[in-house]
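Accompanying notes for the structure given below.
Nothing in this text is a laboratory measurement; each read-out follows from the coordinates by a stated rule. What you see is a predicted model, and the numbers here were worked out from it, not measured in a lab. Please note: Cβ atoms are built from the backbone with ideal geometry, for glycine as well, and neighbour counts cover all protein chains shown.
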Amino acid sequence: MIHNTQLTSEEAYKEYKSRLQIEPFFDYYKNTLDASCTYMQREESLNGWMFINHLGMQIIYTLFHKLKKTPMTKKLMLNHKYAIEDTIEHLKSIKKIQFSKDEFVISEQNKLTKVLLEKLKLSIT
């Protein structure tokens, strides 16, 4: 690797590796949330779309970070078993059902979703 900065070789390598992690993150984001096209015709709509996408990116990065840092076993982290897409699919299966004007119930989750929520220490209530 050749660079024209004041970084040490180790710092330059770490900088290079961190940039490589950004591209797959954007790919995850575009493919998972289908966010590659805006279809917006007004500036206000585009600004709203960009804001929602910004929030979506923050959520996906938070999930990615939690998967990467949460132990599944003594040797493996959760990201060895669950991809971001898997995690989102599990979370999408959770529904809030309204029975009456003031009565809401969270739908039942399957065992794998419950385990994932427990490991990630995420509460849906």
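Ratio of the stretch 74-125's C-alpha Rg to 2.2 N^0.38 Å, to two decimals?
Normalised Rg, Cα atoms only: 1.36.
Pull up all non-local amide H partners of Met77: gap of 5 or more, or a different chain, and H-to-H distance under 5 Å with H placed in the peptide plane.
Met72
For Lys69 and Phe99, FRET efficiency with R0 = 35 Å and r from the beta-carbon atoms, rounded to 0.05?
0.40
Packing-wise, with mean Cβ within 10 Å as the measure, how do 110-123, 74-87 rank, highest first?
74-87, 110-123
May I ask you to evaluate 6.51 cos²θ - 1.76 cosθ + 1.60, the Karplus curve with θ = phi - 60°, for each residue of the stretch 98-108 and list the ³J(HN,Hα) values in order in whole Hz, giving x for glycine and proline?
With coefficients 6.51, -1.76 and 1.60, one gets 9, 8, 8, 3, 10, 10, 10, 9, 7, 5, 6 Hz.
5 Å is the cut-off here: which amide hydrogens, built 1.01 Å from N in the peptide plane, fall below it relative to Ile94, excluding neighbours closer than 5 in sequence?
So Ile94 has HN proximity to no qualifying residue.
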